[in-house]
Amino acid sequence: MKKNITKTLLTFLLMFFLLILVNAQDEKKEFKNVTLYLLSGDTVEYKLSEIKEDHINGYRRIKNKDVWKFKAYPNLDVLYYNSKSLNKNWVYKQSLEGLEFTPKFVEKYVLGKKMAKYNYKPKKYFFLGLLSGFSIGSRFLLTMLGFFNKSRTPILIAAPVLTTFIVRTKSFKSKDKSEMNNKELLEIEYEKGYYSVKKTKNYIGSSAGGFAGVVLSILLNNLLDKG
């Protein structure tokens, strides 16, 4: 008797969840199929459900599969959305550096970020970080400073931080905008966006190179000790 009741309950729960799933899929078919253009430079296939005052709701496509997961985005993270049948619908309404909202300027800024995000590689900064890390971890430097003779863990932790002070990205040079035309102003926003991502990637690259350099130095010292 108890087994029958348990089977009935399990069957009921299974049907209940299947019904919810089917209804959710039906609802998603009624949503607007759009492409979101995020302030990070990414694009997302999205089934737009509703737009709130401070965020949007809908379903995000998981990679290239026909699998959709609910995802809400703050309006500050979304530049605009569009589709084959829709023009650009701007979501981001904040100012850029205190200026009034100008879609073209913000779009150029994000385009610069996207270009750096997917195309720029900090090879130079990784290599310089590698050299700096190797120098920091060399036996000569450690002996001269008298540090980390018993444990090399602190230098492994400190090296990535130290290399970011040694290998630094040049600051973005501000330009006089008073005599610039609209095209030149747009180009500056593009450069700012590109620089913002480039600076972060350079920091990560030099840190990773510094850590790798210290590890390489310690391994070499160990080999020399054994020899």
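Please say if segment 185-227 is rounded, prolate or oblate, where rounded means a/c under 1.5 for a ≥ b ≥ c the square roots of the C-alpha gyration tensor eigenvalues, and otherwise the choice is prolate for a/b larger than b/c and oblate otherwise? Write out the running numbers ahead of the final one.
Working: a/c = 11.21, a/b = 7.26, b/c = 1.54.
Cα axes put segment 185-227 in the prolate bin.
Loop-resident GluC sites (Glu not before Pro) (DSSP state other than H, G, I, E or B) in segment 178-208 with no more than 15 further Cβ atoms inside 10 Å of their Cβ: E179.
Quick note: the coordinates plus some simple rules give every number you see, no bench work behind them. Just so we're clear, the structure is a prediction, and the values are computed from it rather than from any experiment. Every residue, glycine as well, gets a Cβ built from its backbone with ideal geometry; the counts of neighbours run over all protein chains shown.
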